[in-house]
1. Applying 1/(1 + (r/R0)^6) with R0 = 35 Å to the Cβ-Cβ distance of residue 159 and residue 37, what FRET efficiency is obtained, to the nearest 0.05?
2. Based on alpha-carbon centroids, what's the gap between segment 75-146 and segment 393-460 in Å, whole number please?
3. Once every DSSP H run of n ≥ 4 in the chain is given -39500 (n - 2.57) and the sum is divided by its residues, what mean residue ellipticity at 222 nm do you get, rounded to the nearest 500 deg cm²/dmol?
4. Using all Cα-Cα distances in segment 279-435, what percent lands in each 5 angstrom bin from 0 up to the longest?
5. Would you mind calculating the gained length between residue 349 and residue 192 on full extension (0.36 nm times residue separation, minus the Cα-Cα distance), in nm to one decimal?
6. What span do the alpha-carbon atoms of segment 69-179 cover on each of the three principal axes, reported in whole Å from largest to smallest?
7. Taking each pair of different alpha-carbon atoms in segment 210-328 once, compute 1/r for the pair, average those values, and report the inverse of that mean as the Kirkwood hydrodynamic radius in Å to one decimal.
8. Would you compute, for the Cα atoms of segment 1-65, the largest minus smallest coordinate along each principal axis and list the three values in descending order, in whole Å?
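Rule-based calculations on the coordinates, nothing more; no lab input. No experiment lies behind these values; they were computed from the predicted model shown. Note that we place each Cβ from the backbone using ideal geometry, even for glycine, and neighbour counts take in every protein chain shown.
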């Protein structure tokens, strides 16, 4: 098995050999959803991408502790240090308790994650469950002189931190430019500099979500939760920290400053970021009306959609592009993804029907053996190249050609030999199912009914009952299935 895994590290701006801090253990933290609304498909791309990374690390026999948080407090309206908490605002609008909003959208997020066949993280902590730790970290930064308190709010002093460290190490921002671009301090602004960020905010009388602290009643800043939860469950330094590229600045930059300021250590060795989704070349946004919820994709209930697309079609579509590349949504691309997904799943169906058999008159074909071994190796090489799912899928399609050649008897088992045949079968199934996380969407009960109809079809064909044969063929086609009359057998497949 090839294990020379290389990952692109946003911190160093280059691909690096993946070397865990404490092998074979890997600590991975991914910034999870803010649960005040349904999570759109752009966010789900991030979580799905890290699901594949998690799966591949497990496949390589690493022992992974995967932590993905739930943000249920502290994320304000303008993604800044003022405004109303998004969850509290939603709760007021719907006349509900904030935790009712949290519960509803947390369950909704998990339901979509399950539909997309994402593995659950090992730990899924929430910000409100770690208020004490956030207060303690704020106090520690105050003691170190890297924070200051004003009227019950506490802010991180970026300029002070930058005397000994580099605020901007992840995003490439230059602090002098940031300060110069934020000279205008409002008369009411409590900060020494606009670039300073809140660790703890004083709660106004109307603020619903509030906790007691040494500085009065208030609530934590958004950036604080991830620093607290990642280090609590993974240690002061862990292996992978991930999220969408929109979090690189300021969220992840602030996390680094908080962690380095408190412990003197870089929190994560490898920083990884997923890219954005576009729609027909335009940025996806609610204001443009081109933002999709996963449920809208699954039902087709959106003005820009020509049809519904199943969860596995959407998963396949997302994995057709490298996680760090821009991915463009269009009906044409989604329809192509539906065909591609069905091709791979048809390959799984064919594999289940193939069993090696000796063919005494056939000799091993070195050229074909080398080709199949190369294709299997290429699947590993692609995933080892910064988890390149797009390349991996391409190699799987090439491997599928060999599988189909066996199925149609254009390639003999003995030309491969049992060892290479078993490797081909194992590699294809492992990468499609275990690594890419694709699965057959037809329920088991329907699989049984489908096979029963195939048996009736065979009997009708034997008896030359062609009306029945045509009727079954038409019924299959109406359900997106086709009947395949092979030389020695009759089977069915998904229509591509």
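1. Working: r = 35 Å, r/R0 = 1.00.
For R0 = 35 Å, the calculated efficiency reads 0.50.
2. First find each Cα centre; the distance between them is then 44 Å.
3. Using -39500 (n - 2.57) per qualifying helix, the result is -14000 deg cm²/dmol.
4. Per 5 Å bin, starting at zero, the Cα-Cα P(r) for segment 279-435 comes out as 2, 8, 16, 18, 15, 12, 10, 7, 5, 3, 2, 1, 0, 0 percent.
5. 50.1 nm
6. 47, 34, 28
7. By the Kirkwood definition, the hydrodynamic radius is 17.3 Å.
8. 41, 26, 20
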